[in-house]
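Worksheet: one structure, shown below.
The values are calculated or read from the model by the stated rules, or taken from the named source; none is laboratory data. Fair warning: this is a prediction, and the values are worked out from it, not measured in the lab. Ideal geometry is used to build each Cβ from the backbone, glycine not excepted, and the neighbour counts take in all protein chains shown. To get the accessible areas, we keep the full protein, side chains included, count just its heavy atoms, and leave off ligands, DNA and RNA. Shrake-Rupley method; radii C 1.70, N 1.55, O 1.52, S 1.80 Å.
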Amino acid sequence: MSAQEKGITLLCEAIETTFYTDADKLQRILDNLISNALKFSPKEKRVWICFSERDDARIFSVRDEGPGISDTDQTKLFRKFQKLTARPTNGEASTGLGLAIVKQLAERLNGSIEVSSTLGEGTTFSLVLKK
């Protein structure tokens, strides 16, 4: 289901920069994180896609206004075939593989995936790529 079909507003915040990385891996990571944000967000909410830099890293973040992820579920996030408490909001399918693949691809880019979540408020996943 698309953002438009769910009435979800997509917002983008980015700085302009140039850097070199594996574009295919980066696209697969961002596609998965954005897809998950849309899948787990209720109708009429917002999803932010952000790109920023700090001294030591470039950071791609995807933030949603979904149900959030419990501390218990956060310990299981990146395992293959893991089904968590939160369910897609409109009957979308979930294999439990996406975040395991995201983590593996991030590591191949010499990066990492970070998660910050508050139950009832939403979740932010960040791809952190070292400079």
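For beta carbons closer than 8 Å, sequence separation of 6+ or different chains, a first residue in region 38-55 that is within 29 Å of residue 19 (Cβ to Cβ) and open to solvent by 40 Å² or more (accessible area, probe 1.4 Å) and a second that is in a strand (DSSP E or B) and of a type in the set (Ser, Thr, Tyr), the qualifying pairs are 46/9; 49/61; 52/61. Residue pairs whose Cβ atoms lie under 7 Å apart, separated by 6 or more positions or on different chains, with the first residue in region 1-15 and over 27 Å from residue 58 (Cα atoms) and the second open to solvent by less than 70 Å² (accessible area, probe 1.4 Å) and among the acidic types (Asp, Glu), are 1/92.
Checked against (1) part of a strand (DSSP E or B); (2) open to solvent by less than 50 Å² (accessible area, probe 1.4 Å), residue 30 meets all criteria but (1). Scanning region 1-30 for residues that are among the acidic types (Asp, Glu) and modelled with pLDDT of 95 or more returns 22, 24.
In region 56-74, of all residues being open to solvent by 60 Å² or more (accessible area, probe 1.4 Å) and outside any strand (DSSP E or B), the one that is nearest to residue 8 (Cα to Cα) corresponds to 71.
For region 56-78, a tally of residues being in contact (Cβ under 8 Å) with a residue 40 or more places away in the chain and among the basic types (Lys, Arg) returns 2. The set of residues in region 9-24 that are closer than 23 Å to residue 101 by Cβ and either in a strand (DSSP E or B) or open to solvent by less than 50 Å² (accessible area, probe 1.4 Å) (or both) contains only 10.
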